[in-house]
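Below you'll find the structure, written out as structure tokens, and then a few comments.
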Amino acid sequence: MSGAAEQTPVAESGRIRHRFEALRREGRAGLVTFVTAGDPDHGTCAALLQHLPGAGADLIELGMPFTDPMADGPAIQAASLRAIKAGATMERTLDLVAGFRQQDDETPVVLMGYYNPIFRFGTERFLDAARQAGVDGLIVVDVPPEEDEELCLPALHAGLNFIRLATPTSDDVRLRTVLRHTSGFVYYVAITGITGTSTADNVDIATAVTRLRRHTALPVAVGFGIKIPMQAGAVARVADAAVVGSAIVGRIADHLDGDGRPQPSLVPAVVELVEALAAGVRAGRDKDRSIGNAT
Amino acid sequence: MSVLLSPCHRCRWATPRSRPALTICQRHASGVGVGVPTAFLEKRRRIDTVGAPLILGRSDATAPYPTPESVMPSLNTYRSGPDEAGRFGLYGGRFVAETLMPLILEVERAYGDLKHDRDFWVELSSFLTHYVGRPSPLYFAERLTSHFGGAKIYFKRDELNHTGAHKINNCVGQILLARRMGKRRIIAETGAGQHGVATATVCARFGLPCTVYMGAVDMERQKPNVFRMRLLGAEVVPVESGARTLKDAMNEALRDWVANVDDTYYLIGTAAGPHPYPAMVRDFQSIIGSEVRDQMLAAEGRLPDTLVACIGGGSNALGLFHPFLDEPEVRMIGVEAGGHGITTGAHAASLLGGRPGVLHGNRTYLLQDDEGQILEGHSISAGLDYPGIGPEHAWLHDTGRVEYVAVTDQEALAAFQLCARLEGILPALEPAHALAHVAMRSPVLATDHLLVVNLCGRGDKDIFTIADALETAL
């Protein structure tokens, strides 16, 4: 790529925006599903990705494995280590996305993880390769707004949405900082804690989402601690999407044999869980709620 | 020729001067023109010019650091870091999850206020004197000196502190900060257990509940320290995730902090982690170097020629080095844990065998593979086998101001035994690494060369490990 071409911002794919617009038209919230790339192995993960949209996943979060995921609980830590052990690399993570794109050009894919594997791969090279593979956005847990110039701004420049986490510790002043360069959607972390541990109170979530909406017109997804369809449905009443990660990853772990190899029941079991979660999300707004006037 | 005595404005010590027109002593008058300092300045200039654009897109990327030539000779350009973003050049920063950002900013504000609070320093100084036992002596190791037949070797006896290591200097400072911030619970990570013991100690002293995260593997290796922490009333939580050592203990402490943001203070044990910890821990440990400066001037009438300290995260070394960074004549050597040897891959030398990356809140040199996955360090010393290093060391390494070397497990073990037999001191395995380097370097130095090695911990905790390594029954 020439120097001049590098100066020109790349247009975003628009998949995330289109998907949330479609959900709005349907009058329902979306389901965001998380799996770790290469967990439990490359082939099984590719098969899972193919089945997720059909099972009801509206957006896909794909975890980039890292040895030291400080914001994640035991389930996702274990998933990372399984993937690394099975030979996951950044190249292969991007291959998974590229493979997925051959059969699905609409479902948004967001890569989620930590900065070091990206930094090691080379930030510019990574952003370029991710956009080409069909990645739509990034969630990188350990790059706060104070470090925007590291990754957030280059990512926006490279045509990738940069989705930030807002948390219960983000006061109104902090929220302005957090939301400044956020794009695609806002990810509200429902608890102060790590993934897959405690569960947030529904009233707290509603209050937080209302507060977020005062600060941003972007869609709001809520995650951390959502494990069962009923919780997903409760979140769907107030937010634009519910994110489920540890529960799905835990289901994967449940269907491994003693040597960590996937059993034939693995993919159907995950599909079944995602279908149930999707049904929960879709039922969430049955009491005639629509996006925008949720309280 | 008459000899004049007047205070030098750089080392504040009266020295015979041949050039009374100057207000600095002979050593400083001869100044930057001698040998090593010139090389330092030359290397620095190159890095400032070449290195500046590497600072990724920062608005101040083109602003070079002031060079000694462009400022007063007494102004120290190596001691001004970190900048407002917590950076030492490329290194440092605040790479933490959003949930923790408000807390990190709160600690930064609180410490910023504290730095200018006279009452705080008076209180800290009182505790360091009466509770920790400072100042620790600067001891002339006469028998070791005559054994090597080279440089005059001094030990900075920080192993004589309460709890037996330098770690307590930082813990007293941070617990006073935590109290002023109104925090009601303390968490910490520990590897060898020395920082855990020091944290448990100050928590007992100030009546705050204390939870220490320790890798399950380390708990097995350092049983006496686990028991000490429990005796002091701390809860020691075994960390079973990842490799079950120090880095995982740090992950787990961060996870605890994320889940308990309201009342908890994370007392980090080394000069690493997100800003402001690297600067704060360094400041609290700088008492070591400040004392050495005064003590050496009293003993020899001049500053030391060489400082040697071991490096895990690097807090004892920074504490010794930092007050001397602006003295171009003072050479500094950081000794990393070479394990079985750098080429074997089984080592904990982040600077010599690692590459820059981002972990635990800061960018620094890390032991990692091509994919950016963190590797386990190996060292006979549990206090050194952390796969990272404080960001200021990374910067001092790149600028060339401090020289970094590595010694192997075997070399450290030999130095431990030599020190025990010649000086009647059992050093911890960590400073035994520094001693091992002294054993190599000292014999070729002149007999008037003043060398200080930081004896940052005592070896009682290591006797089981050493018995194992020597294949001796206790």
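The values are calculated or read from the model by the stated rules, or taken from the named source; none is laboratory data. Computed from a prediction, not measured in an experiment: that's the story for all the values here. Please note: Cβ atoms are built from the backbone with ideal geometry, for glycine as well, and neighbour counts cover all protein chains shown. The area values use the complete protein model at the heavy-atom level, side chains included, leaving out ligands, DNA and RNA. Shrake-Rupley method; radii C 1.70, N 1.55, O 1.52, S 1.80 Å.
What to note about this one:
- The condition of being open to solvent by less than 40 Å² (accessible area, probe 1.4 Å), part of a helix (DSSP H, G or I) and either of a type in the set (Gly, Ala, Ser) or in the same structural domain as residue B:459 (by TED's automatic domain parsing) (or both) holds for only one of B:406, B:432, that being B:432.
- Complete set of residues in the stretch A:203-224 that are open to solvent by 10 Å² or more (accessible area, probe 1.4 Å), touching a residue at least 60 places away in the same chain (Cβ under 8 Å) and under 13 Å from residue A:32 (Cα atoms): A:219
- One residue stands out in the stretch B:264-284 among those that are in a helix (DSSP H, G or I) and aromatic (Phe, Trp, Tyr): the one that is nearest to the other protein chains (Cβ to nearest Cβ), namely B:277.
- Test: residue in the stretch B:373-388 that is open to solvent by less than 10 Å² (accessible area, probe 1.4 Å), closer than 24 Å to residue B:323 by Cα and away from every other protein chain (no Cβ under 11 Å): yes
- Residue satisfying all of: in the stretch A:119-143; part of a helix (DSSP H, G or I) and either of a type in the set (Gly, Ala, Ser) or open to solvent by less than 10 Å² (accessible area, probe 1.4 Å) (or both); farthest from the other protein chains (Cβ to nearest Cβ) among these: A:133
- Any hit, the stretch A:252-264, residues being surrounded by 22 or more Cβ atoms within 10 Å (Cβ to Cβ), touching a strand residue (DSSP E or B) at 6+ places or on another chain (Cβ under 9 Å) and at pLDDT below 95: no
- Taking first residues from the stretch A:175-202 that are more than 13 Å from chain B (Cβ to nearest Cβ) and partners that are crowded, with 18+ Cβ neighbours inside 10 Å and polar (S, T, N, Q), the Cβ contacts under 6 Å between residues at least 6 apart in sequence or on separate chains come to A:183/A:161; A:184/A:161.
- Of the criteria (1) touching a strand residue (DSSP E or B) at 6+ places or on another chain (Cβ under 7 Å); (2) open to solvent by less than 10 Å² (accessible area, probe 1.4 Å), which one residue B:395 fails: (2)
- The residue list A:67, A:107 contains one member that is within 14 Å of another protein chain (Cβ to nearest Cβ), open to solvent by less than 30 Å² (accessible area, probe 1.4 Å) and in a loop (DSSP other than H, G, I, E, B), which is A:67.
- Top-ranked residue of the stretch B:273-288 - restricted to ones that are in contact with a helix residue (DSSP H, G or I) (Cβ under 6 Å, 6 or more places away or on another chain) and under 14 Å from residue B:391 (Cα atoms), ranked as surrounded by the most Cβ atoms within 10 Å (Cβ to Cβ): B:278
- For the condition surrounded by 21 or more Cβ atoms within 10 Å (Cβ to Cβ) and in contact (Cβ under 8 Å) with a residue 40 or more places away in the chain, residue B:175 qualifies.
- Count - residues of the stretch B:240-263 that are in a loop (DSSP other than H, G, I, E, B), facing chain A (nearest Cβ under 7 Å) and more than 14 Å from residue A:69 (Cβ to Cβ): 1
- Residue B:143 vs. criteria part of a helix (DSSP H, G or I) and either in contact with a Leu (Cβ under 6 Å, 6 or more places away or on another chain) or over 20 Å from residue B:181 (Cα atoms) (or both): yes
- Filter result (open to solvent by 10 Å² or more (accessible area, probe 1.4 Å), in a loop (DSSP other than H, G, I, E, B) and within 8 Å of another protein chain (Cβ to nearest Cβ)) within the stretch B:343-372: B:370, B:371
- Residues in the stretch B:289-322 that are farther than 19 Å from residue B:364 by Cα, assigned to a helix (DSSP H, G or I) and open to solvent by less than 10 Å² (accessible area, probe 1.4 Å): B:289, B:292, B:296, B:297, B:320.
- Number of the exception - residue B:246 against (1) out of contact with any Gly (no Cβ under 7 Å at 6 or more places or on another chain); (2) open to solvent by 10 Å² or more (accessible area, probe 1.4 Å): (1)
- Exclusive hit being within 14 Å of chain B (Cβ to nearest Cβ) and in a helix (DSSP H, G or I), set A:146, A:150: A:146
- Subset of the stretch B:186-221 [charged (D, E, K, R) and modelled with pLDDT of 95 or more]: B:189, B:205
For (1) in a helix (DSSP H, G or I); (2) among the basic types (Lys, Arg), each residue gets a yes or a no:
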{"residue": "B:178", "(1), (2)": "yes, no"}
{"residue": "B:183", "(1), (2)": "no, yes"}
{"residue": "B:187", "(1), (2)": "no, no"}
{"residue": "B:199", "(1), (2)": "yes, no"}
{"residue": "B:211", "(1), (2)": "no, no"}
{"residue": "B:225", "(1), (2)": "yes, no"}
{"residue": "B:228", "(1), (2)": "yes, yes"}
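- Output for the stretch A:225-236, where each listed residue is without any contact (Cβ under 8 Å) to a residue 60 or more places away in the chain and either charged (D, E, K, R) or open to solvent by less than 20 Å² (accessible area, probe 1.4 Å) (or both): A:225, A:226, A:227, A:233, A:234
- Selected residue (criterion: nearest to residue B:457 (Cα to Cα)) from residues of the stretch B:136-150 that are within 23 Å of the chain's Cα centre (by Cα) and buried (at least 20 other Cβ atoms within 10 Å of the Cβ): B:136
- Taken over the stretch A:73-91, residues that are in contact (Cβ under 8 Å) with a residue 12 or more places away in the chain, farther than 22 Å from residue A:135 by Cα and at the interface with chain B (Cβ under 8 Å from one of its Cβ atoms) amount to 3.
- A residue that is closer than 17 Å to residue B:385 by Cα, basic (Lys, Arg) and within 14 Å of chain A (Cβ to nearest Cβ) cannot be found anywhere in the stretch B:209-230.
- Filtered residues of the stretch A:153-164 (kept if at the interface with chain B (Cβ under 9 Å from one of its Cβ atoms) and either surrounded by fewer than 23 Cβ atoms within 10 Å (Cβ to Cβ) or hydroxyl-bearing (Ser, Thr, Tyr) (or both)): A:153, A:154
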